[in-house]
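Worksheet: the structure to be examined is printed underneath.
The values are calculated or read from the model by the stated rules, or taken from the named source; none is laboratory data. In this text, all values refer to a predicted model and were calculated from it rather than measured experimentally. Methodologically, a virtual Cβ is constructed for each residue, glycine included, from the backbone with ideal geometry; neighbour enumeration extends over all protein chains shown.
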Amino acid sequence: MDLTIEPSAAAACEKAARIIADLAARAPASVLALPTGRTPLAVYDTLARWQRDGVVDLRRLRSFNLDELVGLPPDDPRSYAAYMVRHWQEPLGVPAAHVHLPQVMASDLGAASAAYEDRIAMAGGLDLALLGIGENGHVAFNEPGTPWNMGTHVCNLADSTRQILRPAFGSLDLVPRQAVTMGMRTILSARHCVLLATGAAKAAIVARALEGPPTEAVPASALRSHPRVTVILDRAAASALETVADEPRRGSAP
Ligand code: PGA
């Protein structure tokens, strides 16, 4: 595992952006798995700035989102499809046909999930998965206890996850109860996994994921079995790690 601790969230996000930009420079039509949420916003903003400045060309990248909330049509501003239009497709100038999300309006979500796996395979598989981590250890919407051998599937959201989503929906009753998510098998099939976590709220779960026993109770701990994983943290998210506390030269932190 390649672990980098950056002095700030902005620096951590810039490092993740650099990994994507370098991949695009080497292989412009690479296939990414991409997250939504708060953490990657600065990654996408940075990439959009570099695209505008002409230092990178990301328009041929193809992407598959990690997950989508069941019941939200793509034009609902709270959908992850709408998020991707706002933060990826439009600012980077990526054609809509290159941006894929799980279909959550289909009548047969099981079949739609299988079709998503097929589309990833037809694209040649995932070259890079950019991943966040939930405060409960989830990766995409693989909530604690989800078996690691699952592909894309319909899942029930944990109560704590629904609480975190509540502000966007006003009341907890209105927060979707299900999502379609890539499974850990899909995510671990990526040729390179990049886990990005920032902020003190992630410190405890980052320590459990990286230093505790690998267990389905902490989905992110599955990443430790992956042959090529890069973990990028800011100092706050790294603050509960024991093994690096005495190694200030690890990563790029001064
Ligand atoms: P966040 O979400 O980036 O909004 O903290 C991370 C996650 O739940 O995976």
Original post:
Only one of (1) charged (D, E, K, R); (2) over 21 Å from Ile19 (Cβ atoms); (3) buried (at least 19 other Cβ atoms within 10 Å of the Cβ); (4) more than 16 Å from the ligand (Cβ to nearest atom) is not met by Asp127, so which one is it?
Top reply: (2)
Subject >> Per-region count, segment 155-175, residues surrounded by 13 or more Cβ atoms within 10 Å (Cβ to Cβ) and in contact with a Lys or Arg (Cβ under 8 Å, 6 or more places away or on another chain) >> reply: 5
Original post:
Does segment 182-197 hold any residues that are in a helix (DSSP H, G or I) and out of contact with any strand residue (DSSP E or B) (no Cβ under 6 Å at 6 or more places or on another chain), and which are they?
Top reply: Arg185, Thr186, Leu188
Original post:
Considering segment 24-47 alone, what residues qualify as being touching a Gly at 6+ places or on another chain (Cβ under 7 Å) and more than 12 Å from the ligand (Cβ to nearest atom)?
Top reply: Val31
**OP:** Would you kindly identify the strands (runs of 3 or more DSSP E) lying entirely within segment 109-181 that contain at least 2 residues that are touching a residue at least 40 places away in the same chain (Cβ under 8 Å) and of a type in the set (A, V, I, L, M)?
**Re:** 128-131, 178-181
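Yes or no, residue by residue, for (1) modelled with pLDDT under 95; (2) within 19 Å of Leu128 (Cβ to Cβ); (3) assigned to a loop (DSSP other than H, G, I, E, B):
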site	(1), (2), (3)
Ile205	no, no, no
Thr215	no, no, yes
Pro227	no, yes, yes
Ala238	no, no, yes
Arg249	yes, no, yes
**OP:** Return the residue satisfying two criteria in turn: it lies in segment 138-154 and is more than 13 Å from the ligand (Cβ to nearest atom) and within 19 Å of Thr36 (Cβ to Cβ), and of such residues it is surrounded by the fewest Cβ atoms within 10 Å (Cβ to Cβ).
**Re:** Val154
**OP:** Can you run down the residue pairs with Cβ atoms below 7 Å, 6 or more apart or on separate chains, where the first is in segment 189-207 and under 12 Å from Gly137 (Cα atoms) and the partner is of a type in the set (Val, Ile, Thr) and assigned to a helix (DSSP H, G or I)?
**Re:** Ala197/Val206
**OP:** Tell me which of these Ala158 doesn't satisfy, since it passes every other one: (1) in contact with an Asp or Glu (Cβ under 7 Å, 6 or more places away or on another chain); (2) at negative phi; (3) more than 15 Å from the ligand (Cβ to nearest atom).
**Re:** (3)
Original post:
Of these, Thr161, Thr146, which one is among the β-branched types (Val, Ile, Thr) and either farther than 17 Å from Ser189 by Cβ or at pLDDT below 95 (or both)?
Top reply: Thr161
Original post:
How many residues are over 18 Å from Gly132 (Cβ atoms) and outside any helix (DSSP H, G or I) if we restrict to segment 15-71?
Top reply: 16
